[in-house]
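Notes follow the structure.
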Ligand SMILES: [Zn+2]
């Protein structure tokens, strides 16, 4: 017992310290009495007087690499950035998460009761670096390896409790008799769950009235629709490999004629569901002897270029006895062969996962579409090819700790600030959602994805701001949008689509009014590929009560406190 105690006493300066990770902390250095803070540009560190700024608030995340190993992130930049080091320059920096050893810190108790933060990265042949300040350079944060450095001790001051992320509530949706498709929770008794392995097969047919297509036409159509592996890769990328979509192309045998379908199933445009179903049943029946349909959840049917005009998804409702038990189809017409490679197929497959169209039907033109090229469910003809953050959330691809949800309580103004990160990254917040009307209408902020090949305004990037309305039907020319991208710079480009200049750039403020609120979105600084923003939502409507837009008779009333 005595021996054991002696051992612990002699080893006390290297004791690890468990941290209560349920709190934010300020890191005060007793040598100067100042607080460790992230610089406004987000890259460096400085010592400052204590204040309530988010730059000074630190969060410790436990790492599995050691019992007292932590990653440190700031409220200002969020968890996509960590306290890191440049070992050769011996300076601490903020870096995007790269899963490097240098992002890991071991928290130790120093003999005087403070804490020492040792970096896990080892400089060959040298002791571990620890976080320090340099008295000769105005207490600039630095790294030292002198164990005797008097300024290497820090006081960890508990700031406030870290709240659990608030989930987005289930949204109200129109009755299923009106539409299967909406921006609320997906009905998975109808649609495919966009996770795990999904198999699709592409079949080729002609109608009896049409000539045999020329050699190579099937290969050419397959190239336009699927572009090799591109549709699979698109879904893999957008979902962070949550879904593995396999697309199998069933080309007509070399020298063999295409399968020919009876002319009585022919319609140039599929605007009646029953003939569309009959066509699909006839196609499946004609392939039943050579395709094992039990392997597939989605069947894609391309008709020869001579015949069908338009492309459409077809989903058999539950209990409708679909052909060979496959419920999800997309039938391609001449418009798909004119679209950009792979986008039309990606769009139609999106319907199988319950995604609604985001364009408005004719007489609206592409110049009128409220989402333009920002989502593949809106525009498959321009250069952009992504899903919005909201769409990815609806698909279940954005975890609860990757978005922030706020619900204002009028008349109190709501101000939200923080750093938004690109959807391509694996860390930090990618979407901010503010509830404007109870469970139906939302303000959404995200980083604007790059417009491929763009030059000019669209490539400047920034934040994309849009309204999601779960009760909207997208049936009218210029109102009632399911999703509406907000911009003070309207405009259409045949290359990038409508509202391509919408992103709010650094230094800009977007002001608009929606649902009784004056809303402003300010973008302060770009940090790597992320943006620091501030948004204010100020109630200016009547305070004696508003009726929500759900149309189900429920009155939502805001009262003054
Ligand atoms: Zn569609």
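What follows draws every value from the coordinates through simple rules; no lab data is involved. All figures in this text were calculated on a predicted structure; none of them were measured in a lab. Quick reminder, even Gly has a Cβ in these numbers, built from the backbone with ideal geometry, and neighbours come from all protein chains shown.
For every helix of n ≥ 4 consecutive DSSP H residues, a contribution of -39,500 (n - 2.57) applies; sum these over the chain, divide by its total residues, and give [θ] at 222 nm rounded to the nearest 500 deg cm²/dmol. Don't skip to the answer; put the middle values down first.
Details: 7 runs with 64 residues, N = 561.
-3000 deg cm²/dmol, from helical runs alone.
Taking the Cβ-Cβ separation of residue 244 and residue 137 as r and a Förster radius of 41 Å, what is the calculated FRET efficiency to the nearest 0.05?
Values: r = 53 Å, r/R0 = 1.28.
E between residue 244 and residue 137, to the nearest 0.05, is 0.20.
Can you give the direction-averaged projected area of the convex hull of the alpha-carbon atoms in the range 125-178, in nm²? Please report the intermediate quantities before stating the final value.
On the way: hull surface 38.7 nm².
Approximately 9.7 nm², given one-decimal rounding.
In cubic angstrom, how much convex hull volume per residue do the alpha carbon atoms of the range 14-161 span?
Output value, Cα hull per residue: 109 Å³.
For the chain, what proportion of DSSP beta bridges, expressed in % and rounded to the nearest 5, is antiparallel? Write out the running numbers ahead of the final one.
Numbers: 87 of 112 bridges.
So the antiparallel bridges amount to about 80 percent of the total.
What per residue convex hull volume, in Å³, comes out for the range 196-353 when only alpha-carbon positions are used? Working shown, then result.
On the way: hull volume 16.7 nm³, N = 158.
Looking at the range 196-353, the number lands at 106 Å³ per residue.
Determine Rg/Rh for the range 389-556; Rg is computed over alpha-carbon atoms and Rh is the Kirkwood hydrodynamic estimate from the same atoms. Don't jump to the answer; show the numbers that get you there.
On the way: Rg = 16.1 Å, Rh = 16.8 Å.
Rg divided by Rh gives 0.96.
Tally the DSSP beta bridges in the range 389-556 and give the antiparallel ones as a percent, rounded to 5. It would help to have the intermediate numbers written out before the result.
Numbers: 43 of 47 bridges.
Roughly 90 percent of the beta bridges in the range 389-556 run antiparallel, per DSSP.
Considering the chain, what Rg and Dmax in Å follow from its alpha-carbon atoms?
Here Rg and the maximum Cα pair distance are 28.6, 98 Å.
Against the longest principal axis of the chain, how steep is helix 343-352, in degrees 0 to 90 to the nearest 10, with axes from Cα atoms?
Once rounded, one gets 90 degrees.
Report the dimensions of the range 338-444 along its three principal axes from the alpha-carbon atoms, largest first, rounded to Å.
The Cα atoms of the range 338-444 stretch 50, 35, 23 Å along the principal axes, largest first.
Quick check: pseudo-label points 7 Å beyond the Cα along Cα→Cβ at residue 293 and residue 364, how many nm apart are they?
Each label point is offset 7 Å from its Cα along the Cβ direction, giving 3.4 nm.
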